[in-house]
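A short worksheet on the structure shown next.
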Number of protein chains: 2
Amino acid sequence: MSARQTIPGPTVKRLTLYLREAERRLAAGESQVSSRELGRSLGLGDTQIRKDLSHVGQFGQAGVGYRLHSLVEQLRGILGKDRIWRTAVVGAGRLGQAIMSYGPFAREGFEICAVFDAAPDMVGKEVGGHRIRPMEDLEMLVREREILLGIVAVPREAAQQVADRLIEAGVLGLLNFAPTRLDVGDRASVASVDLSSRLERLAFQVSLGLKGSIDAED
Amino acid sequence: MSARQTIPGPTVKRLTLYLREAERRLAAGESQVSSRELGRSLGLGDTQIRKDLSHVGQFGQAGVGYRLHSLVEQLRGILGKDRIWRTAVVGAGRLGQAIMSYGPFAREGFEICAVFDAAPDMVGKEVGGHRIRPMEDLEMLVREREILLGIVAVPREAAQQVADRLIEAGVLGLLNFAPTRLDVGDRASVASVDLSSRLERLAFQVSLGLKGSIDAED
């Protein structure tokens, strides 16, 4: 645990990229990869990659590189991916439905265990293999199913109340799609996906005539 | 233009937050706001806010703060929001549909001018007021409708080709939802929304027992 505590946010982000690329290569039948090859695939410098991976106890061999099997195993452990994350989705509108049917979630260890919606005509319907539950059942089901993560896909006005209820029921992490800041204090972790602000920043770049990816600075 | 060129990415992100909050307050009938009030609403320090806003030529008055009307106007100009961004959506699956029906996009100056899909049974259907067009029409419609931004909501395997075609047709900025890195070189700007990696980082925070928002570091 102590090694993990010292890894800064941007490094964690790169570790998830390394893991994804290493898994892809392993699945393709490769057994090792050099920092240079990783760098070329990911658009990163090989010095950066060697530094990041040495943080997590991986040291490539000269002329050989990293053994993919060991690299994947180590990164999965460090990133908490050697477990299943039980997840609730609140809001079964178009966005919630898109999230439910988003393939990578399931493949990467996130299991949707309950889906809630406030609209009476949505409750009871089945979407993407999940029966939509009424909001009244939220606390009970989150506790009963030991759900740790919550995805907030409700309108802005309802987001804070939904967050409060999820946290109260035991959720430790929230992924927020509502275009508002959630106040969770020190009760939970929260990450936001603000589609508008992303598009705004892209438009800003374009209006300046700037080229290339704006993701690196995130 | 030169003032805008010098604004670093994280500051731009905060400027979009200030604009949204200032617009909200203006719509609520307020006429001025202090850096302290802004800070409280957004979870930021007032020193940070004063510094950011002085960058864009806004100086609050002691005891009064910023005039909201002037603040909104100035921020809109700087962020390129005093114009309409003509946008194409490629991929009309669940994610594409969620994006099309995402209210804030339209409210904030992004106009969806064309929607494309490769699936023959999708073409011709109407979704969210947009008739879905076949991929063959992409180049023609992007040129004809002077579309500058493209939203890539196709599977990973198709994403790079779609990006290349959009850029070739004249698109200058791409918002990429496919879980892959797009190689655009210096031909366009690209911003990615990687839902999995966001959820992964959240899970990582939770597994460490860390609380609070992980957005600030982005």
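Only the coordinates and a few stated rules stand behind these numbers; no lab work does. Keep in mind the model is a prediction, meaning the values are calculated, not measured. Cβ atoms come from the backbone with ideal geometry, glycine included; neighbour counts cover every protein chain shown.
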Let me make sure I get this right: for the stretch A:85-197, a, b and c are the square roots of the gyration tensor eigenvalues over alpha carbons, sorted descending. Under 1.5 in a/c it's rounded, otherwise prolate if a/b > b/c, else oblate. Which is it?
rounded
Counting only DSSP loop positions in the stretch A:19-102, the chymotrypsin sites (Phe, Trp or Tyr not before Pro) whose Cβ has at most 15 other Cβ atoms within 10 Å are A:PHE59
Shape metrics for the stretch A:167-218, restricted to C-alpha atoms - Rg then Dmax, Å
15.1, 48
Which of the lysines could a cross-linker bridge to A:LYS13, judged by Cα under 17 Å and excluding same-chain residues fewer than eight apart?
A:LYS51, A:LYS81
Between B:MET140 and B:SER31, how many nm apart are label points set 7 Å from Cα along the C-beta direction?
5.5 nm
Specify whether the C-alpha gyration tensor of the protein assembly as shown places it in the rounded, prolate or oblate class, a ≥ b ≥ c being the square roots of the eigenvalues: rounded for a/c under 1.5, otherwise prolate if a/b is larger than b/c and oblate if not.
rounded
Over the C-alpha atoms of the stretch A:27-121, what are the Rg and the largest Cα-to-Cα span, Dmax, in Å?
18.6, 62
Mind checking the mean number of beta-carbon atoms from other chains within 10 Å of the Cβ atoms in A:173-183?
5
Taking the Cα centre of the stretch A:2-78 as the origin, how large is its charge dipole in debye, to the nearest 20, when only Lys and Arg (+1) and Asp and Glu (-1) carry charge on their Cβ atoms?
140 debye
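Which value, in debye to the nearest 20, gives the size of the charge dipole of the stretch A:85-197 about its Cα centre, when Lys and Arg are +1 and Asp and Glu are -1 at the Cβ?
Working: 12 positive and 16 negative charges, 53 e Å.
Using only the charged Cβ atoms, the result is roughly 260 debye.
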Whole-angstrom gap from the stretch B:80-137 to the stretch A:73-88, using each part's C-alpha centre
35 Å
Before rounding to the nearest 500, sum -39500 (n - 2.57) across all DSSP H runs of length at least 4 in chain B and divide by the residue total; then give [θ] at 222 nm in deg cm²/dmol.
-13000 deg cm²/dmol
If you take the charge dipole of chain B about its Cα centre, with +1 on Lys and Arg Cβ and -1 on Asp and Glu Cβ, which of B:TYR18, B:ALA203, B:LEU95 is farthest toward its positive end?
B:TYR18
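Any idea what % of Cα-Cα pairs in chain B are farther than 33 Å?
Values: 6781 of 23653 pairs.
Result: 29 percent of Cα pairs exceed 33 Å.
Let me know the mean shielding of A:129-136 by other chains, meaning the per-residue number of their Cβ atoms within 10 Å of its Cβ. The partial results should precede the final answer.
Values: counts 0, 0, 0, 0, 0, 0, 0, 0.
Counting other chains' Cβ atoms within 10 Å and averaging over A:129-136 gives 0.
Let me know the charge dipole size of chain B about its Cα centre in debye, to the nearest 20, where only the beta-carbon of Lys, Arg (+1) and Asp, Glu (-1) is charged.
740 debye
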Springs between alpha-carbon pairs under 10 angstrom, Gaussian network model over chain A: which of A:THR47, A:THR180, A:THR16 fluctuates most?
A:THR47
For chain B, modelled as a GNM with alpha-carbon contacts under 10 angstrom, which of B:ARG24, B:ARG133, B:ARG143 fluctuates the most?
B:ARG24
Test of understanding: in a Gaussian network model of chain A with alpha carbons linked when under 10 Å, which of A:ALA62, A:ALA22, A:ALA163 would top the mean-square fluctuation ranking?
A:ALA62
Throw me the Rg/Rh for the stretch A:2-78, computed over C-alpha atoms with Kirkwood Rh, two decimals.
0.93
